[in-house]
Amino acid sequence: MNRREALKKFYNVIVAVGASSFFTFDDLLALENSQIKKPNLIWLQGASCSGCTLSSTNIEDISFTDFILKFVNIIYHPNLTIHTGYDVQHTLNTACKELNNDYLLINEGSIPVQLPHACLLADIPYVEWIKKMAKNAHSCIGVGTCASFGGITDMHGMDTGVASIVQVLETENIQKPVAILPNCPLRPEHLVYTILYFIKFGKFPALDVYHRPKKFFSQTIHQSCSHYYEFKEDIFATKIGEKGCLLELGCQGPVTKSDCMITGLNGNTNNCIKAGHPCIGCASEHFPRQIMFRSYIDDRVITPLKKMNFAKK
Amino acid sequence: MNMKRTISVDPLTRIEGHLKFTTKIENSIVTDAKCSAQLYRGIEKALIGYDARVAQQVTQRICGTCNYAHAEAAALALEDAMGIKPNKNGQLLRNLIVGAYQIHDYIFHFYLLSVFDFINIEAITTYKGSNKNLVKMKQWVESEKKSGKIFPISPFLSQYKNIYSQDEKLNFFSIDNYLEAFEIMLKLDKAVAIFGGKSPHPVTIEAGGVTTTPTVLSIEKYKALIEEVDIFIKDIYLPNIIKISKEFKEYFNIGKGYANYLAFAYMPDENGENHLFEGGTIINGEYADYDLEKIREDVKYSYYLGNDNAKPLSSTKLTPIDYDRYKSEQIKENGKYSWSKAPRYDTNVMEVGAVARVIITYNKKTNKKLNALVDQVNKELNITFDEYNSVMGRHLSRAILACIVIDKLKKDIDKVEPDVNAYEEYDIPTKAKGIGLTEGTRGALAHWIETDKEGYIKNYELIVPTTWNISPRDAQGTPGVVEKMLIGTKIKDVENPIELARIIRSTDPCMACSVH
């Protein structure tokens with residue numbers, strides 16, 4: 001494969017994530033020749049499961065290593081970084097000083113605030129690391145539903161009192177641009193697009209009130225659903241496998257904003273609804289709901305289990 | 001001169017999640033070790049009040065790497081409470097989802113997380129061949145070195161200074177495989193998504209089967225993906241581990257645990273019987289069936305209040321200690337030190353995972369393919385099961401299992417009937433109890449569920465593979481499995497304790513699971 005062919009492959013990715021309207025082939029060449037600067041990336045994991053990390057390796061057409069070698073400088077990532085222990089603390093502290101205002105801080109997972117010792121790095125509460133690293137970051141990205149809205153780490157009855165990255169920045173009055181990319185797990189296309197936009201313009205694409213990129217989160221799953229026609233025609237499935245809209249089986253599509261039905265998942269291999277399952281609303285601020293999958297005849301009254309709705313400090 | 005040192009490594013990178021370990025070293029020998037899980041979320045008790053079917057979706061999100069296993073265990077627990085089994089298609093699709101994800105996980109663990117414990121990454125600068133991956137990597141390293149950056153070659157820099165592979169060919173072969181592993185993982189994620197809806201976090205595994213209805217097309221797509229992975233597993237992954245084992249033969253004697261093993265039956269046929277891997281225990285060399293009544297959990301050294309010796313479902317509340325108490329425990333000589341609990345089997349500390357599954361299934365002689373492969377590998381490496389209780393034994397066992405699982409997937413995909421439902425709906429059982437047992441990538445996994453009069457969750461309990469392995473001391477003060485593996489290890493260079501990192505990574509700890 002010659003250089004031009006290799007670059008073409010990268011360009012396919014830019015097209016696939018929807019960034020070709022602003023990120024041209026010339027931009028790719030400029031990046032290759034170091035005329036455009038690659039952003040430094042520091043990736044930290046709070047109350048997380050590494051699912052978003054694993055999901056971000058699912059970039060269609062190019063390997064993850066190609067992506068990180070070509071588009072970004074990864075200063076630290078818990079699952080990729082070769083060094084360990086004290087060297088990690090040293091790297092983070094050095095980056096904070098030497099790369100002031102010159103790195104993107106990526107936060108995977110939520111941030112325990114009420115029970116600060118519920119997540120520790122070098123015996124220091126994770127929330128302290130986030131504050132410190134965010135203060136010196138250029139911008140921050142919260143990846144996944146836990147980082148965005150608390151997700152499964154913010155269920156009824158939990159003691160940890162988690163906050164999202166946006167909330168920590170607000171509470172601490174750290175004025176840095178911040179974007180969130182909900183979906184459990186993170187959709188790799190969303191991250192790649194956001195980073196490409198950042199490379200080109202030095203800022204995030206247009207965001208909504210929750211700090212989600214409008215490009216991906218302005219429509220509900222329902223609005224772009226392949227069963228939308230059946231919904232309009234009042235054809236509803238009464239059990240799994242039956243033809244029709246899945247609303248009466250508990251589908252969360254109408255209350256969940258994301259573009260799963262437009263771009264598909266795992267390189268458009270499938271999506272939850274196509275796989276016969278009602279949308280569980282994994283990108284929603286209400287995730288997880290008390291009942292995610294109802295049967296048609298389920299007449300139980302939902303008594304909304306109050307999520308803690310983000311701890312206030 | 002008698003040298004005493006304490007080494008604390010925090011965080012240990014290239015594992016799932018947050019782990020710190022502290023060792024005391026005297027005359028280069030580890031005399032004491034403590035493993036601290038550094039995360040707590042409290043998911044199992046938070047499930048109380050949610051619909052019983054929510055457990056499947058939420059518990060699989062405990063972990064981004066073994067999500068499929070929690071999904072399966074939660075579905076099994078609810079099916080146990082319902083008193084049902086999935087139909088043939090349901091069981092087959094479930095095998096195809098969990099099997100593909102499990103292989104994904106083995107490759108993720110060996111290449112992304114572990115291979116640079118043995119392989120010299122700097123060897124890439126001496127590469128003179130024409131492999132495009134390696135040439136690309138070499139060019140990148142060279143340009144990084146000249147870049148004048150503060151962190152050149154990041155994240156691939158600064159291994160512990162120690163002895164890595166001296167075999168040039170093996171170094172190049174392994175680095176190339178590391179790069180290819182990403183593409184293989186991508187294929188496996190697609191295979192999972194075909195029947196799981198998406199990957200990670202497949203949604204379709206529900207009590208009653210799998211919600212996807214297979215088609216001729218989806219079956220063919222799955223087959224094509226698995227064929228490509230099959231070649232990687234048998235021609236690259238297993239040989240790669242065997243080559244590394246030959247060069248690092250001493251690691252068949254390093255990192256020895258208690259040699260007490262626990263595994264649950266895993267991967268049944270389409271009727272939910274005749275599992276590919278057997279369940280059971282081995283204690284002091286004696287095989288026996290497992291007895292769930294013997295499982296207890298201690299919290300004496302865990303950051304919780306409450307009783308030791310607790311049976312599953314014996315409490316509906318798990319109370320973490322507050323921040324002030326945490327700080328006071330930190331300065332105590334013998335204080336609490338981990339968010340992980342300490343599960344025990346009677347008083348035995350059990351190891352779970354790949355070695356347990358290989359040895360227990362081999363012992364039962366029900367899987368001829370496994371026994372033949374094990375015999376062949378043991379002969380080639382001149383080892384016995386005694387050497388499986390080691391760093392290399394654990395890496396080797398995973399590759400053996402991957403070979404067996406992929407053959408099963410190739411067989412099962414041919415049995416799937418296109419256009420036949422794989423899911424049947426059953427009412428959620430009220431006031432019922434159920435247990436779901438399976439094997440995750442990292443070993444024996446159990447879910448217990450109890451429902452109330454409306455079918456909401458009344459109580460939930462998880463005992464997870466890494467909780468067994470990474471547990472702190474129990475109420476009697478007996479160290480956990482990984483702690484035991486570390487104690488007695490000889491450290492060549494205390495500034496670069498690669499031996500300890502190799503031991504811990506070989507157990508593939510998943511901290512998010514262990515603390516859940």
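Some notes on this structure:
- A simple spin-label model places pseudo-atoms 7 Å from Cα toward Cβ; at B:LYS169 and A:ILE124 they are separated by 4.8 nm.
- Rounded D (µm²/s) - the protein assembly as shown, Kirkwood Rh over Cα pairs, Stokes-Einstein at 37 °C, 0.692 mPa s: 123
- When the Gaussian network model of chain A links Cα atoms closer than 10 Å, the mean-square fluctuations of A:TYR103, A:TYR76, A:TYR229 top out at A:TYR229.
- Dipole moment magnitude, nearest 20 debye, the protein assembly as shown about Cα centre, only Lys, Arg, Asp, Glu C-beta charged: 1740
- Among B:TYR261, B:TYR337, a tally of other beta-carbon atoms within 10 Å of each Cβ gives an order, fewest to most, of B:TYR337, B:TYR261.
- Over all directions, the projected convex hull of the C-alpha atoms in the stretch A:194-313 averages 9.9 nm² in area.
- Peptide A:148-155 shows a mean partner chain C-beta count of 4 within 10 Å per residue C-beta.
- Debye log10 I(q)/I(0) at q = 0.12 Å⁻¹ for the stretch B:377-455, Cα point scatterers: -0.68
- The stretch A:86-103 - phi-based ³J(HN,Hα) in whole Hz, Karplus 6.51/-1.76/1.60, Gly and Pro as x: 4, 4, 5, 4, 4, 4, 5, 5, 5, 4, 4, 7, 7, 10, 3, 6, 10, 9
- Mean-position separation - Cα centroids, the stretch B:331-371 and the stretch A:160-209, in angstrom: 40
- Extending 7 Å from the Cα toward the beta-carbon at both B:ASN284 and B:THR319 defines two label points whose distance is 3.8 nm.
- Shown for the stretch A:124-189 is the translational diffusion coefficient from the Stokes-Einstein equation, using the Kirkwood radius over Cα pairs, a temperature of 25 °C and a viscosity of 0.890 mPa s: 197 µm²/s.
- 222 nm mean residue ellipticity, helices alone, for chain B (DSSP H n ≥ 4; -39,500 (n - 2.57); rounded to 500): -12000 deg cm²/dmol
- Per-pair calculated FRET efficiency, R0 = 51 Å: B:ALA475 and A:GLU32 via Cβ, rounded to 0.05: 0.25
- If you take the Cα centroid of the stretch B:10-26 and the Cα centroid of the stretch A:212-256, the two points sit 46 Å apart.
- Ratio Rg/Rh, restricted to the stretch B:218-257 and using Cα atoms, in which Rh is the Kirkwood radius: 1.29
- Counted residue by residue at 0.36 nm each, then reduced by the alpha carbon distance between them, the extension gain from B:GLN139 to B:GLU247 reaches 36.1 nm.
- For chain A, the mean residue ellipticity at 222 nm estimated from helices alone is -8500 deg cm²/dmol, where every DSSP H run of n ≥ 4 contributes -39500 (n - 2.57) and the total is divided by all residues, rounded to the nearest 500.
- Viscosity 0.890 mPa s, temperature 25 °C, Stokes-Einstein D of chain A from Kirkwood C-alpha radius, µm²/s: 119
- Computed log10 I(q)/I(0) for the stretch B:466-516 at 0.17, 0.27, 0.30 Å⁻¹: -0.57, -1.03, -1.12, from the Debye equation with unit scatterers placed on every C-alpha and solvent omitted.
- Per principal axis, descending, Cα span of the stretch B:321-398 in whole Å: 56, 25, 18
- Descending principal axes extents, the stretch B:120-259, alpha-carbon based, whole Å: 54, 45, 29
- Listed residues B:THR126, A:SER21, B:ALA342: farthest to the positive end of the dipole of the protein assembly as shown (Cβ charges): B:THR126
- Shielding by partners, peptide B:415-424 (average Cβ within 10 angstrom, other chains): 2
- Separation of the A:ASP234 and A:SER218 label points, Cα + 7 Å toward Cβ, nm: 3.3
- For chain A, Cys with no neighbouring Cys Cβ under 4.7 Å: A:CYS49, A:CYS52, A:CYS96, A:CYS119, A:CYS140, A:CYS146, A:CYS225, A:CYS245, A:CYS251, A:CYS260, A:CYS272, A:CYS279
- Reference-scaled alpha-carbon Rg (2.2 N^0.38 Å with N residues) for the stretch B:344-487: 1.34
- Extension gain, B:SER147 back to B:ARG5 (0.36 nm per residue minus Cα-Cα distance, nm): 47.3 nm
- Highest mean packing comes first when the peptides A:67-73, B:146-152, B:74-80, A:81-87 are listed by Cβ atoms within 10 Å, giving B:74-80, A:67-73, A:81-87, B:146-152.
- Neighbour-count ranking [beta-carbon atoms within 10 angstrom, fewest first] of B:HIS395, B:HIS516: B:HIS516, B:HIS395
- Residues B:HIS275, A:HIS222, ranked from the fewest to the most other C-beta atoms within 10 Å, line up as B:HIS275, A:HIS222.
- Efficiency of FRET between A:GLU5 and B:LYS410 - r from beta-carbon atoms, R0 35 angstrom, step 0.05: 0.55
- Zone residues, the stretch A:188-223, relative to A:SER20, backbone N less than 18 Å from point 7 Å out along Cα-to-Cβ: A:189-190, A:192-194, A:196-197
- Cβ-Cβ FRET estimate between A:LYS176 and B:LYS368, R0 fixed at 60 Å, reported to 0.05: 0.50
- Restricting the calculation to Cα atoms, the stretch B:168-251 shows an Rg/Rh of 1.13 when the hydrodynamic-style radius is the Kirkwood one.
- Based on alpha-carbon atoms, the Kirkwood radius and the radius of gyration of the stretch B:268-361 give Rg/Rh equal to 1.11.
- A cut-off under 12 angstrom between Cβ atoms defines the neighbours of A:ASN266, and their net charge, with Lys, Arg +1 and Asp, Glu -1, is +3.
- Taking other residues whose beta carbon is less than 13 angstrom from the beta carbon of A:PHE201, and scoring Lys, Arg as +1 and Asp, Glu as -1, yields +2.
- Volume per residue of the convex hull around the Cα atoms, evaluated for the stretch B:52-100, comes out as 61 Å³.
- Number of partner chain Cβ atoms within 10 Å, mean per residue of B:313-323: 2
- Within the listed set A:VAL15, A:VAL255, A:VAL162, the residue fluctuating most in the Gaussian network model of chain A (springs between alpha-carbon atoms under 10 angstrom) is A:VAL15.
- Space enclosed by the convex hull of the alpha-carbon atoms of the stretch A:157-242, per residue, Å³: 178
- Computed Kirkwood radius, in angstrom, where 1/r is averaged over Cα pairs of chain B: 23.6
- Intensity falloff of the stretch B:1-82 expressed as log10 I(q)/I(0), Debye formula with alpha-carbon point scatterers, at q = 0.15, 0.17 Å⁻¹: -0.70, -0.78
- The relative contact order of the stretch A:147-274, computed from alpha carbon pairs under 8 Å that lie at least 6 residues apart in sequence, is 17 percent.
- Per the Cα gyration tensor, the stretch A:7-91 maps to an equivalent ellipsoid with semi-axes of 27, 16, 10 Å, ordered largest to smallest.
- Net charge of neighbours whose Cβ lies under 10 Å from the Cβ of B:THR65, counting Lys and Arg as +1 and Asp and Glu as -1: -2
A short reminder: the numbers here are calculations on the coordinates, not readings from a lab. Just so we're clear, the structure is a prediction, and the values are computed from it rather than from any experiment. Here Cβ is always computed from backbone atoms with ideal geometry, including for glycine, and neighbour counts include all displayed protein chains.
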